[in-house]
C-alpha cells in the first residue's frame, strides 16, 4: 500500500481491519487522523480512496509500517487460499492467482470461511468418522465444529497474537507486586494465598505422577510438580491468577470470537490465560525496552526476566502494541518427527495449515546439535527472504527411564528486520545466499530436491523406470488443471 499520490487507493477492507485491530471506533480513528467519521465510513466501504496524506498520518499516529499494511494479512490469507486451491479437489478449476489475491484482500471473511470449510473437509477425508457423523446427523441437532486447536490458532492469528486487555492487566499486577524477576514466584504465591486463599505446594513426582499442575478446588491448593523448573513454576502461578483475576477480560475476548463450541471455548480461555502469564513474567514496556537494548539476545532476555528460552521466543511474537512495536517475529515448535505443536506469527510467514514443514529449514537440525543455536537465511519460492534462529529445548524433565521430551524452537523475521538482531551481526544480509525452502513438500514446486517426501500436488508425476534422479519424484513443469 505505497503512499503514491498519483494513484487512487481503494483499500476499505484493509483499513477497517487495521482499525479493528487497534480497538478503535470509526469516530476515534477519525479524531486521530483529523478527518470526519463519515469519511472513515466511506473509506471502509470503498466509496472513497485513501490519500497519501491519510496513509502517512495513519502510520505516524499509530506507529504502523506501511509495508506491513500492504502485505501482512493479505499475504497470509493468499498463502492459505493458494494451499487450499492447490488440492486435487479443485483440479478442474483453474483459479488465477490474481483472483485469489483479490479475494484475500477484499473478502477476508469469505477467506476465513473457506479455511474452516476446507479444514472440515480435510479431517473428514482423513478418516475423522466422528466429524463426518456430526455433519450428517441433522436429526439430533448436532453441529460440526472444526478441530479446536486449529480454531483457536485462527483466533490468535485474527488478533495478530496481541491482546491489549491482558497486557494492561498483567502490567497492573506487576506494578502491585513491585518485585524483581527473581522474586516473582514468591510474590505470586503470596498473592494467591492472601487474595484467593490458595496455597501453593511443590509436590514430589511420585505423588503427581504424570501431572505437572493440578488445582484442588476443595482444599484450595495449587499443586506443582517438582519436575517443573523455577520459570515454569512462576508461569503456572501466573496462569492460575489469570483465571481468577481476569475473568471479565477473558470473557470479553472470547465473546468477540462469536459462537464457539465447548472445546474451542475452553482451549481459547486456557490459551489466553497462558498469554496473561507470559505478560506477567515479561511486562510489555520493560521487556520491549530490554529486547531492543540487547538486540534481541534471547538467552540474556531469559536471564533478565528469569524465563525459559521458549517463553522468551513466544513472548517476542506478541510485541504488537500500537506506537510500541517490536520486530514482527514468527515462531514454530516441532518435535523430532516433524510434528508441529505450536506456531505463531505476527508477520507474514506463510505457515502451512494442512501439512508439515520443509526439512531444509535447519530448525530440524537442532536435534543433532542440542547445545548450539543455529541461524539461517531462508528463501521461499516467490523470492521472499527470512532470517531465522533455532535451538532445541527440553521441557520438562522426565524421570528415568522415560524418554526426555525434546522440541525444536524456530524463531524468525523478514530479512529487512534482521539487522536489528545480535545473531545477524557481521553478516552481509544482502549477499548471503538463502537456503531455498518450501512451505511443505506438497505445495513446493522446486525440482531436484533430495529431501522431497512427496510430489507437489500441483504438478503431474512422471514415472520413468530407466532413470533415477536425485529426487525421489520427478514431475512435469505444467500445472495440473
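Just so you know, all these numbers are worked out from the coordinates, no wet-lab data involved. Every value quoted in this text rests on a predicted model; they were computed, and no experiment measured them. All Cβ positions, even for glycine, are placed from backbone atoms using ideal geometry, and neighbour counts span all protein chains on display.
When each of 62, 386, 121 is scored by the number of other beta-carbon atoms lying within 10 Å, the sequence from fewest to most is 121, 62, 386.
Take the Cβ-Cβ distance between residue 10 and residue 53 as r, set R0 to 25 Å, and report the resulting FRET efficiency rounded to the nearest 0.05.
Numbers: r = 16 Å, r/R0 = 0.64.
About 0.95, to the nearest 0.05.
Going from the fewest other Cβ atoms within 10 Å to the most, the residues 63, 464 appear in the order 464, 63. The peptide list 331-343, 13-25, put in order of mean Cβ contacts within 10 Å with the highest first, becomes 13-25, 331-343.
What value, in deg cm²/dmol to 500, does the helix sum -39500 (n - 2.57) over DSSP H runs of n ≥ 4 give at 222 nm once divided by the residues of the chain? Could the numbers behind the result be given before it?
Working: 18 runs with 206 residues, N = 481.
After summing the helix terms and dividing by residue count, I get -13000 deg cm²/dmol.
In the chain, Cα pairs under 8 Å separated by at least six residues give a relative contact order of 12 percent.
Most tightly packed first, judged by the mean number of other beta-carbon atoms within 10 Å of their residues, the peptides 271-281, 369-379 read 271-281, 369-379.
Would you please classify the overall shape of region 219-305 from the alpha carbon gyration tensor, given that a ≥ b ≥ c denote the square roots of the eigenvalues, rounded means a/c under 1.5, and beyond that prolate means a/b larger than b/c while oblate covers the rest? Could you put the intermediate results ahead of the total?
Working: a/c = 2.52, a/b = 1.41, b/c = 1.78.
It comes out oblate by the Cα gyration axes.
Normalised by the empirical 2.2 N^0.38 Å for globular proteins, what value does the Cα Rg of region 294-438 take? Write down the numbers at each step before the final one.
On the way: Rg = 15.2 Å, N = 145, 2.2 N^0.38 = 14.6 Å.
It is 1.04.
Which of rounded, prolate, oblate describes region 12-62, given a ≥ b ≥ c as roots of the alpha-carbon gyration tensor eigenvalues and a/c under 1.5 marking rounded, otherwise prolate only if a/b is larger than b/c? Rounded is the answer for region 12-62, as its axis ratio a/c remains below 1.5.
For 461, 237, what's the fewest-to-most ordering of other Cβ within 10 Å of each Cβ?
Working: 461 13, 237 27.
In increasing order of surrounding Cβ atoms, one gets 461, 237.
Computed extension gain for residue 476 through residue 195, at 0.36 nm per residue and net of the alpha carbon distance, reaches 94.4 nm. Go ahead and collect, in residue order, the members of region 417-434 whose backbone nitrogen is under 12 Å from a label point 7 Å along the Cα-Cβ direction of residue 379. Once the point is set 7 Å along Cα→Cβ of residue 379, 430-434 turn out to lie under 12 Å by backbone N, inside region 417-434.
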